[in-house]
Structure formats: structure tokens, C-alpha cells
Amino acid sequence: MTDAELWAAWRMWLLVAAVIVLVAAALLVTIWLTARSIARHATRALRAAEGIRDNTRAIWQLETTNESTEQLRATVCEIETKARKLVEALQGHAPAAGRRG
């Protein structure tokens, strides 16, 4: 192999290495830019989710209120049933209207 052929081969492999380095650098830059874009979009999505949570907080509080109201209604119905039974029991034991002891 002559010196000219050696230098030609060296330049060719140097060019191949330079292309590989440039492609790898381009890929890394692309990955870096994509990661930054993902981070920006994730931040926007997080803000949107927090806004949705804040806007729907009243709805969840209404659900809690409704559950409490249902429990209160059930308790009132139980009291009404017991009061009705008590009235019936007292009426059954009440003395006759015209009798005096």
C-alpha cells in the first residue's frame, strides 16, 4: 500500500467516523428537544388537571352532602317509625274517654 492509498483510506475512515459522530449528535439533540417538549406538555397537562380538580371540588362536596342527607333522612324515617309505634302503644293503653276512676 502506498502512502497515497494509506492517506486516502485514512481520510475515508475519518469521513465515516465524522458522519457517525454527526448522526449520533443529531440523534442526541433530537432526543433532548423531544424530552424538553414532553416536559413542557406534561407541565401544561398537570396545570390542566389541577384546574379540573379545583373546578370539580364543589361537585365532590355535593356528593358528600348528598350522602350525609341520605343518612339524615334514614335516621328521621327510623325516628318517625318508632314514634308511630309509640303513639299506637300509648293509644292502646289509654283509659276510655268516659271513664273516671
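The values are calculated or read from the model by the stated rules, or taken from the named source; none is laboratory data. Everything quoted here is computed from the prediction, not taken from an experiment. Neighbour counts are summed over all protein chains in view; Cβ atoms, including those assigned to glycine, are modelled from backbone coordinates with ideal geometry. With ligands, DNA and RNA removed, areas are computed over all heavy atoms of the protein, side chains included. Shrake-Rupley method; radii C 1.70, N 1.55, O 1.52, S 1.80 Å.
Numerical summary
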quantity	calculated
Single residue of T30, T2 found to be hydroxyl-bearing (S, T, Y) and loosely packed, with under 10 Cβ neighbours inside 10 Å	T2
Residue pairs meeting the criteria (Cβ under 7 Å; at least 6 apart or on separate chains; first free of Cβ contacts under 8 Å to residues at least 24 places away in the same chain, in the range 76-89; second open to solvent by less than 80 Å² (accessible area, probe 1.4 Å))	none
